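The values are calculated or read from the model by the stated rules, or taken from the named source; none is laboratory data. Treat the numbers as computed from the prediction; the structure is a model and nothing was measured. For neighbour counting, all protein chains shown are included, and Cβ atoms are generated from backbone atoms with ideal geometry for every residue, glycine included. Areas reflect the complete protein model, heavy atoms only, side chains present, ligands, DNA and RNA absent. Shrake-Rupley method; radii C 1.70, N 1.55, O 1.52, S 1.80 Å.
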Amino acid sequence: MRKLIILSIIVIGTSVNMLAQQITQTIRGIVVDEITELPIVGANVILLNQAETTGTITDVDGLFILENIALGRQSIEVRFMGYKPAVKTNLLIISGKETVVKIKMQEAYQEVGEIVVKAKNKKKPQNELAMISARTFSIEETERFAGSLGDPARMVANYAGVMTQNDSRNDIIIRGNSPIGVQWRLEGIEIPNPNHFAAQGTTGGPVSMLNNNLLTNSDFLTGAFPAEYGNATAGAFDLHMRSGNNTQTEYTGQIGFNGFELGVEGPFGNREKNNRPSYMANFRYSTLEVMDKLGFSAGTGAAVPQYKDFTFLADLPATKLGRFKILGLWGKSYIELGHNDDENDDNSYSAKGTTIDYGSELAIGGITHSLFFNNRTGIKSSVSVQQTTTTADLDSLKNSGNISMPFFRGHQSETKVSASTRFIFKPNSNNHLSAGITYDHYFVNFIDSIYKFEHQRFINQTDVNANLGLIRGFTQWQHSFNAKLTAYAGVHSLYFKQSKEWVWEPRASLKYSFAHQQSLSAGYGKHSQIQPKLVYFIESYIPEDDSYYRSNEKIKMTRANHYVLAYEKILGQDFRLKLESYYQELYKVPVKKDFPEFSLINAGDNFAVPDEDSLVNKGTGYNYGLELTLEKFLSNGYYFLLTTSLFDSKYKGYDGIERNTAFNGNYVMNVLGGYEFEIGRQNMITLDVKTVWAGGRRYVPIDLEESIKTGTPEYDWSNAYKNRYNDYFRTDLRIGFKMNRKKYSQEWAIDLQNISAYKSIFTEGYDAEKQETYKIYQQGFLPMFLYRIQF
């Protein structure tokens, strides 16, 4: 019997080993010029770190195929005369899905009689004009980094200069700026806030609508960004969607924090052509809602978020009229806060004694088009229609009869029709010129009302149906003087019809590679941003004739000057050290004479845009700081990232007194690391950990005595943002297991958030019934699970 058992183990082990050797996969992709994105024909594509050389060349469409590739981490290198070598490292090859990559090659700087190739930074932005305060990130990092939960916004909070102080939302605070100053772009189209439960005029939310299964490597910019980015004062997400598999149909099923989801991709149209059209589509439904219906605690108290979203992309390449992409994003969300009489959770985000019913919806449809007349000249254009809608019902304190008293009703809708075109000219490898224009037309409908008990009905506070127009244009030029020195100059301009204001914004940067693998960079940019549209239509009351007028209609844009200086050193193949210092001056910030401590610079600290009237552009502010990044890229099975930011953020209201901004945490440190190891050729275990330590949230203290008098929260604005809550601290741990089989692959992961259960304070509230203040805490310990199958 014992011999039989031993023999069985040997047979099973041998079979498993043979199976592991038999399972392979295909890497396919396209090689294009970094600027024009025209295909590069005849490029050599080589699989690295192999005992025997494995490679191929690109065809007339720039396409390549590498077949029978072993599972696990693989790297490929592409070489072509006149271009710098391009390397894709640590591609994760799985059995259930072909690996499809897009490789952009940059022309090498040319001197007479020779071509000079410079070392490549693995985190160099996809946009080569972003020479400072920018980096690329891989979509795999949105899952690999513990606590990111597949959300690009939560993931970039690990980078230097960025912090988050609110576990309930993914708002991004860049260098002490309001998150409202962040711009989102998808496939070159500026889009509204792509988050569920998003409020008008904000750029964050609890759950992202962006599906990382459909995205590819993208850029994140934090200051002095190129002239093609406008109407933003803090930073920009420049996101790109990958193309679907154009040779076979593949499916993805997933259960995780972001939802229950099902995705499909594959070819369609002319199947005889190599570079055939492809599509991708994905639908998600709220995981927390399903958990609640099954009787499990969602970790959100009595408030259960309900949401769903749908994303698609159709890629139509190599037509006679150029390349078309058709994309769409739709999402809808709803939540009820405070409806449970027994709801006293420490992390309940609604004020005690109130109920809030909140809903939001986003719909985006767009078409992009690329057409190149030759390998040096082309145009890229886009047309899109976007609509956002939010609704809010707020009921106030319950009376002795335990009946909810109506207080506020609001409905806000904004539709944007946008068209843009961009001309690209690349006369040689040393010069790159481009210019473009964008027109945005907004149709806004804002209505809100407050219940007046003396009238026993709701009285409209805002009732707006209007059109707004915004014109933006830019021109920019990058020139390489030699292999060491590169300069950039550009101008962005905006004209906003509402305020009849035209703004010119010069941008410039310089990069000097003074030694091997070392560089110094400097940058300047002037940036402007229109105010959240709702602000322009806030009305002021005139008691003399009992009338209202729009006192904010003509307020100007907020302006900012960015100054940045950076040093970077590439340490060997896999390490990077970067130091960056900055100073940002903000001016023409809307403030209020009758509320001298107020400034719109702090908008975004709460869930909605302030509704203050009679604003004037007399406020100022500044941010300055120092950032450190020490990074080891994933290699040999492990990586780590250490980022530290020291900063100060101040503002002046109408009274001219200098105060801390709501976002002045002063310091933040992130320490991340991870290790992965293979079990045979089929399975992999991953371990990732993250710790963040940051200054606590600034706050305006509640004036308890005045609150008792009025029965509602009253704040002591004389001490606005003077103090901070206790430091923000949390540690997240992610454990994953990936399994490959011949026809499919599976992944299981558990994300243990805030494993120390440290209680960081979120804000302070007022309990009118008990006539006392209370603390609302950030998220406690919360395990989140992920399951994914691809076939």
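Counting only residues that are open to solvent by 10 Å² or more (accessible area, probe 1.4 Å) and in contact with an Asp or Glu (Cβ under 6 Å, 6 or more places away or on another chain), the range 148-160 holds 1 of them. Test Gln517 against the stated conditions and say whether it is modelled with pLDDT under 95, out of contact with any helix residue (DSSP H, G or I) (no Cβ under 8 Å at 6 or more places or on another chain) and of a type outside the set (D, E, K, R). Spelling it out, Gln517 is indeed modelled with pLDDT under 95, out of contact with any helix residue (DSSP H, G or I) (no Cβ under 8 Å at 6 or more places or on another chain) and of a type outside the set (D, E, K, R). Applying the selection to the range 372-385, what residues are within 18 Å of Val60 (Cβ to Cβ) and in contact (Cβ under 8 Å) with a residue 40 or more places away in the chain? Passing the criteria: Phe372, Asn375. Residues that are open to solvent by 20 Å² or more (accessible area, probe 1.4 Å) and β-branched (Val, Ile, Thr) were ranked within the range 659-698; the one that is farthest from Thr222 (Cα to Cα) is Ile679. Residues in the range 36-90 that are open to solvent by less than 60 Å² (accessible area, probe 1.4 Å) and among the basic types (Lys, Arg) were compared, and the one that is farthest from Gly674 (Cα to Cα) is Lys84.
Each residue in the range 543-568 was checked for being in a strand (DSSP E or B), open to solvent by 50 Å² or more (accessible area, probe 1.4 Å) and either modelled with pLDDT under 95 or in contact with a Gly (Cβ under 7 Å, 6 or more places away or on another chain) (or both), and 3 pass. One residue stands out in the range 569-583 among those that are open to solvent by less than 30 Å² (accessible area, probe 1.4 Å) and not aliphatic (A, V, I, L, M): the one that is nearest to Tyr512 (Cα to Cα), namely Glu580.
Can you find a residue that is touching a residue at least 40 places away in the same chain (Cβ under 8 Å), under 21 Å from Val162 (Cα atoms) and open to solvent by 50 Å² or more (accessible area, probe 1.4 Å) anywhere in the range 584-599? Looking through the range 584-599, none of the residues is touching a residue at least 40 places away in the same chain (Cβ under 8 Å), under 21 Å from Val162 (Cα atoms) and open to solvent by 50 Å² or more (accessible area, probe 1.4 Å). The set of residues in the range 298-326 being of a type in the set (Phe, Trp, Tyr) and either at pLDDT 95 or above or over 18 Å from Met209 (Cβ atoms) (or both) consists of Phe310, Phe312, Phe324. Summed over the range 242-260, the residues that are modelled with pLDDT of 90 or more and in contact with a helix residue (DSSP H, G or I) (Cβ under 9 Å, 6 or more places away or on another chain) give a count of 2.
None of Gly625, Gly656, Gly621, Gly637 is open to solvent by less than 50 Å² (accessible area, probe 1.4 Å) and touching a helix residue (DSSP H, G or I) at 6+ places or on another chain (Cβ under 6 Å) except Gly621.
Among residues of the range 161-202 being surrounded by fewer than 24 Cβ atoms within 10 Å (Cβ to Cβ) and among the hydroxyl-bearing types (Ser, Thr, Tyr), the one that is nearest to Glu627 (Cα to Cα) is Thr164. Meeting the requirement of 1 or more residues that are closer than 30 Å to Lys124 by Cβ, the strands (runs of 3 or more DSSP E) wholly within the range 606-699 are 615-635, 638-652, 667-679, 683-694. Counting just the residues of the range 721-769 that are among the acidic types (Asp, Glu) and surrounded by fewer than 20 Cβ atoms within 10 Å (Cβ to Cβ), which one comes out modelled with the lowest pLDDT? Looking at residues that are among the acidic types (Asp, Glu) and surrounded by fewer than 20 Cβ atoms within 10 Å (Cβ to Cβ), I get Glu769. Tally up the residues in the range 354-371 that are open to solvent by less than 40 Å² (accessible area, probe 1.4 Å) and in contact (Cβ under 8 Å) with a residue 60 or more places away in the chain, please. Final tally of qualifying residues: 6. The strands (runs of 3 or more DSSP E) found wholly in the range 726-784 and carrying at least 2 residues that are among the hydroxyl-bearing types (Ser, Thr, Tyr) occupy 728-740, 761-767, 772-777.
Taking the range 662-709 only, how many residues are touching a residue at least 60 places away in the same chain (Cβ under 8 Å) and among the hydrophobic types (A, V, I, L, M, F, W, C)? Number of matching residues: 11.
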